[in-house]
Amino acid sequence: MSWAILPRHFEPFEFACRCGCGSQSVSAALVLRLDAVREILGRRIFVTSGRRCAKHNATPAVGGSENSRHLIGCAADVRPDYGASLTDLAACLALFFSTPGDEFIVYKDRGFVHVAVSRALVRPLWNGGKIEYI
């Protein structure tokens with residue numbers, strides 16, 4: 001059995017490395033879960049950090065770890081839409097990022113939530129088209 005789905009609420013540029021290097025491919029599993037969260041909340045959520053190149057990850061402003069899942073496209077930092085509740089966003093994300101190997105960390109003082117899928121879910125990568133499974 002095979003199927004294909006096109007995420008409704010995200011564009012590849014939202015996951016692109018903020019340094020402008022062009023790195024933007026991310027785990028299809030990550031995108032599908034975040035897409036479902038947007039659908040359930042009925043509001044936008046913003047990716048403040050998605051895919052990172054090694055150079056950007058190592059900058060003092062980012063302070064990413066050497067094995068950050070952002071480096072392989074398995075992680076994203078997201079914040080709620082303006083005026084929306086971080087608590088509501090976190091509660092919804094917790095439903096989708098609670099399986100073994102996932103990461104779910106709320107940075108309440110910084111206004112975002114870090115989520116990541118297992119490294120085993122890095123493939124297939126999503127680059128903006130349909131996500132196909134065979």
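The values are calculated or read from the model by the stated rules, or taken from the named source; none is laboratory data. Remember, predicted model here, so these are calculated numbers, not experimental data. Methodologically, a virtual Cβ is constructed for each residue, glycine included, from the backbone with ideal geometry; neighbour enumeration extends over all protein chains shown.
Would you pick out the residues in the range 72-121 that are among the aliphatic types (A, V, I, L, M) and over 12 Å from the mean Cα position of the chain (by Cα)?
First pass over the range 72-121, keeping only residues among the aliphatic types (A, V, I, L, M): 72, 75-76, 78, 84, 86, 89-91, 93-95, 105-106, 113, 115-117, 120-121.
Once the filter is applied, which keeps residues that are among the aliphatic types (A, V, I, L, M) and over 12 Å from the mean Cα position of the chain (by Cα), the range 72-121 yields ALA84, LEU86, LEU89, ALA90, ALA91, ALA94, LEU95, ILE105, VAL106, ALA120, LEU121.
Need pairs with beta-carbon distance below 7 Å; first residue free of Cβ contacts under 8 Å to residues at least 24 places away in the same chain and within the range 71-87, second assigned to a helix (DSSP H, G or I) and of a type in the set (A, V, I, L, M); sequence gap 6+ or separate chains.
Qualifying pairs under 7 Å: LEU71/ALA54.
Give the range 75-129 a look and list any residue that's within 22 Å of GLY42 (Cα to Cα) and among the basic types (Lys, Arg), or say none.
ARG79, LYS108
Assess whether THR59 counts as being among the β-branched types (Val, Ile, Thr) and at pLDDT 90 or above.
The answer is no for THR59.
Considering the range 51-85 alone, what residues qualify as being touching a strand residue (DSSP E or B) at 6+ places or on another chain (Cβ under 6 Å) and closer than 17 Å to SER23 by Cβ?
Within the range 51-85, ARG51, ARG69, GLY73, CYS74, ALA75, ALA76, ASP77 qualify.
Please verify whether the range 75-82 includes one or more residues that are in a helix (DSSP H, G or I), surrounded by 12 or more Cβ atoms within 10 Å (Cβ to Cβ), among the acidic types (Asp, Glu) and modelled with pLDDT under 95. I'd like the intermediate steps shown before the answer.
The initial filter retains those residues of the range 75-82 that are in a helix (DSSP H, G or I), namely none.
No: zero hits.
Which is of a type outside the set (S, T, N, Q) and either under 18 Å from ARG110 (Cα atoms) or buried (at least 16 other Cβ atoms within 10 Å of the Cβ) (or both), of LEU95, LEU34?
Values: LEU95 fails: either under 18 Å from ARG110 (Cα atoms) or buried (at least 16 other Cβ atoms within 10 Å of the Cβ) (or both).
Of the residues listed, the single one that is of a type outside the set (S, T, N, Q) and either under 18 Å from ARG110 (Cα atoms) or buried (at least 16 other Cβ atoms within 10 Å of the Cβ) (or both) is LEU34.
For residues that are touching a strand residue (DSSP E or B) at 6+ places or on another chain (Cβ under 7 Å) and not β-branched (Val, Ile, Thr), scanning just the range 19-31, find the one that is surrounded by the fewest Cβ atoms within 10 Å (Cβ to Cβ).
Just the residues of the range 19-31 that are touching a strand residue (DSSP E or B) at 6+ places or on another chain (Cβ under 7 Å), to begin with: 25-28, 30-31.
Add one more test, that the residue is not β-branched (Val, Ile, Thr), and what stays is 25, 27-28, 30.
On the way: SER25: 19, SER27: 27, ALA28: 23, LEU30: 29.
Restricting to residues being touching a strand residue (DSSP E or B) at 6+ places or on another chain (Cβ under 7 Å) and not β-branched (Val, Ile, Thr), the top hit is SER25.
So, of the residues in the range 63-72 that are in a loop (DSSP other than H, G, I, E, B) and surrounded by 15 or more Cβ atoms within 10 Å (Cβ to Cβ), which turns out to be modelled with the highest pLDDT?
First, pick out the residues of the range 63-72 that are in a loop (DSSP other than H, G, I, E, B): 63-68.
Then keep just the ones that are surrounded by 15 or more Cβ atoms within 10 Å (Cβ to Cβ); that gives 64, 68.
Values: GLY64: 78, SER68: 92.
Only one residue tops the list, namely SER68.
Quick one: which residue in ARG8, ARG51 is of a type in the set (D, E, K, R), over 11 Å from the mean Cα position of the chain (by Cα), more than 15 Å from ARG79 (Cα to Cα) and outside any strand (DSSP E or B)?
Values: ARG51 fails: over 11 Å from the mean Cα position of the chain (by Cα).
Every option except ARG8 fails the conditions.
Conditions tested, residue by residue: (1) touching a residue at least 12 places away in the same chain (Cβ under 8 Å); (2) touching a strand residue (DSSP E or B) at 6+ places or on another chain (Cβ under 7 Å); (3) on the phi > 0 side of the Ramachandran plot.
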site: CYS92; (1), (2), (3): yes, no, no
site: SER98; (1), (2), (3): no, yes, no
site: VAL106; (1), (2), (3): yes, yes, no
site: VAL113; (1), (2), (3): yes, yes, no
site: ALA116; (1), (2), (3): yes, yes, no
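In this structure, does ALA120 turn out to be at pLDDT 95 or above and within 17 Å of LEU32 (Cα to Cα)?
Numbers: at pLDDT 95 or above: no; within 17 Å of LEU32 (Cα to Cα): yes.
Judged against the criteria, ALA120 is not a match.
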